[in-house]
Amino acid sequence: MQVAVSATDLTVAASVLYVLLPESIDRGFLQFLSIYLLAIVAAFFSQVPSGLEVIELVLLYMLNPTNPQSVIGSLLAYRMIYYFVPLGIGIVGLGANEVGVIKSPLGRVAAVIGKLSPVVAPRLLALAVFLTGAMLLLSGATPAAQWRLDLLRQCCRFHCLRFRIF
């Protein structure tokens, strides 16, 4: 069932983008769907949140449009429709739910916590910033252990060779 729901979600997302693309992209839907799925897989392996710009880059490369600006506009509209519209609907639903919760006894407890949080939260954040700054000052003022620096160099060399950075 999860595979069917996931496949439906990806197909609907691809259809939304396909409808938004300019007519100068002369690809059939199935061919576009395969390109879109390849872009989703590339975004997954890139580990970038929401595949931001990875999906766009793969689509621009694979579609090879004559007018890339119109495709970028379509991709921006796709992001707005497929990500921000559901977010807005969710925010409205959450707000309506919270209004209902405030009327219950649990809502009164949440209201008390809400009144206390402006007093407590800044103090906790200030303490966390102070402790972090103290840790940075102490670690910067103490001499570095040579074995830790050597370990860092080895890790950097390994990753540079592994990902062929240099």
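The values are calculated or read from the model by the stated rules, or taken from the named source; none is laboratory data. Values in this document were obtained by computation on a predicted structure and should not be read as measured data. Note: ideal-geometry Cβ built from the backbone for every residue, glycine included; neighbour counts use all protein chains shown.
A compact table of results
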{"quantity": "Pairs, first closer than 15 Å to LEU17 by Cβ in the range 34-56, second assigned to a helix (DSSP H, G or I) and not hydrophobic (A, V, I, L, M, F, W, C), C-beta under 6 Å, six or more apart", "calculated": "ALA43/GLY51; VAL54/SER46"}
{"quantity": "Tally, over the range 1-22, of residues that are without any contact (Cβ under 8 Å) to a residue 24 or more places away in the chain and within 18 Å of the chain's Cα centre (by Cα)", "calculated": "1"}
{"quantity": "Residues being exposed (fewer than 14 other Cβ atoms within 10 Å of the Cβ) and either outside any loop (DSSP other than H, G, I, E, B) or among the basic types (Lys, Arg) (or both) - total across the range 42-53", "calculated": "4"}
{"quantity": "Helices (runs of 4 or more DSSP H) fully within the range 54-105 counting 1 or more residues that are basic (Lys, Arg) and either farther than 22 Å from ASP9 by Cβ or assigned by TED's automatic domain parsing to the domain that holds TYR36 (or both)", "calculated": "68-79"}
{"quantity": "Scan of the range 1-25 for residues that are closer than 18 Å to GLY73 by Cβ and surrounded by fewer than 11 Cβ atoms within 10 Å (Cβ to Cβ), ordered by number", "calculated": "GLU23"}
{"quantity": "Answer from ILE25, ILE81, ILE72 - the residue that is of a type in the set (A, V, I, L, M) and without any contact (Cβ under 8 Å) to a residue 40 or more places away in the chain", "calculated": "ILE72"}
